[in-house]
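The values are calculated or read from the model by the stated rules, or taken from the named source; none is laboratory data. Bear in mind the structure is a predicted one, so any value in this text is a computation, not a measurement. Every residue, glycine as well, gets a Cβ built from its backbone with ideal geometry; the counts of neighbours run over all protein chains shown. The area values use the complete protein model at the heavy-atom level, side chains included, leaving out ligands, DNA and RNA. Shrake-Rupley method; radii C 1.70, N 1.55, O 1.52, S 1.80 Å.
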Amino acid sequence: MSDQSPYILILYYSRNGQTAELATQIGRGVSRVSGIDARLRTVPPVSPDTDSSLPPVPDSGAPYATKSDLADCTGLALGSPTRFGNMAAPLKHFLDTTGDLWLSGALSGKPAGAFTSTGSLHGGQETTLLTMMVPLLHHGMVLCGLPYSETALGETETGGTPYGPSHWAGTGDQLPLSDHEKTLCQALGERLARIALKLAA
């Protein structure tokens, strides 16, 4: 464990901004808990063009994640839009570089949750969340979902699952996050923060 202040790493890839907004709302939930911070990080897109590279700092939004961000976190929220019922390639690409963290057990015993955004209401929200959890299990992380004591789970008419927060973005003009979706994101952020502090004690 690092001697820096504990933080929840909110690590995500966002193509059109919806997953980034989910990440922001999760960060607001983390901020409800004293003694722990939220750290938002993204990953760069991947391309088949092997002759070009992106600058090390994005033009806007959250900074790109480093493996140190991941290794030193006290807990993790992992987010991606769905791609055929799975996480997007840029986030998978980043996770594929973390074999050394797996070998060292750097993430073992830390809490983690997942979040996603889809264009259609039944377009893979649950499968994306569940498949995102597989590498977290390999890392030995403690998975956290959303309990049904969160009343928004039973009231939402858009996104929101017991496996983690989600957003229904629509396939035309992108829909904003609903109040229920925001509530569930904040609930996950607060839950991860509280559990992380207990596990790190």
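Observations on the structure shown:
- Our summary gives the chain a relative contact order of 26 percent, counting only alpha carbon pairs under 8 angstrom and 6 or more residues apart.
- Cα gyration tensor category, rounded, prolate or oblate, for region 9-52 with a/c compared to 1.5: oblate
- Of Asp37, Asp173, Asp96, the one that fluctuates the most in a GNM where the chain has Cα springs shorter than 10 Å: Asp173
- Extension gain (nm, one decimal) between Ser60 and Ala89, 0.36 nm per residue minus Cα-Cα: 8.4 nm
- Within straight-line cross-link reach of Lys67, lysines at Cα separation under 26 Å, skipping those fewer than 8 residues along the same chain: Lys92, Lys110, Lys198
- Between Ser104, Ser149, Ser117, the Gaussian network model of the chain with springs among Cα atoms under 10 angstrom shows the greatest mean-square fluctuation at Ser149.
- His93 accessible area, assembled protein chains, probe 1.4 Å, Å²: 110 Å²
- Considering only Cys185, Asn86, His138, the residue lying farthest towards the positive end of the dipole of the chain is His138, judged by Cα position with unit charges set on Cβ.
- Val43 contributes an accessible area of around 10 Å² to the protein surface, as traced by a 1.4 Å probe with all chains present.
- Considering only Glu155, Glu21, Glu181, the Gaussian network model of the chain with Cα springs below 10 Å gives its largest mean-square fluctuation to Glu155.
- Beta bridge orientation in region 72-201: antiparallel %, DSSP, nearest 5: 20 percent
- Share of carbon and sulfur in the accessible area of region 63-165 stands at 59%, probe radius 1.4 Å.
- Here Lys182 sits with roughly 70 square angstrom of accessible surface, probe radius 1.4 Å.
- Global geometry of region 1-154, whether rounded, prolate or oblate, following the gyration tensor of its Cα atoms and the 1.5 cut on a/c: rounded
- Centroid-to-centroid separation of region 65-93 and region 168-182 [C-alpha atoms, Å]: 21 Å
- Relative contact order for region 128-201, counting Cα pairs under 8 Å that sit 6 or more residues apart, in percent: 26 percent
- The dipole here belongs to the chain: it is taken about the Cα centre, uses +1 on the Cβ of Lys and Arg and -1 on the Cβ of Asp and Glu, and is about 420 debye.
- Across every direction, the projection of the convex hull enclosing the Cα atoms of region 115-201 has a mean area of 5.9 nm².
- Estimated dipole of region 1-48 in Debye, rounded to 20 [Cβ of Lys and Arg +1, of Asp and Glu -1, Cα centre]: 120 debye
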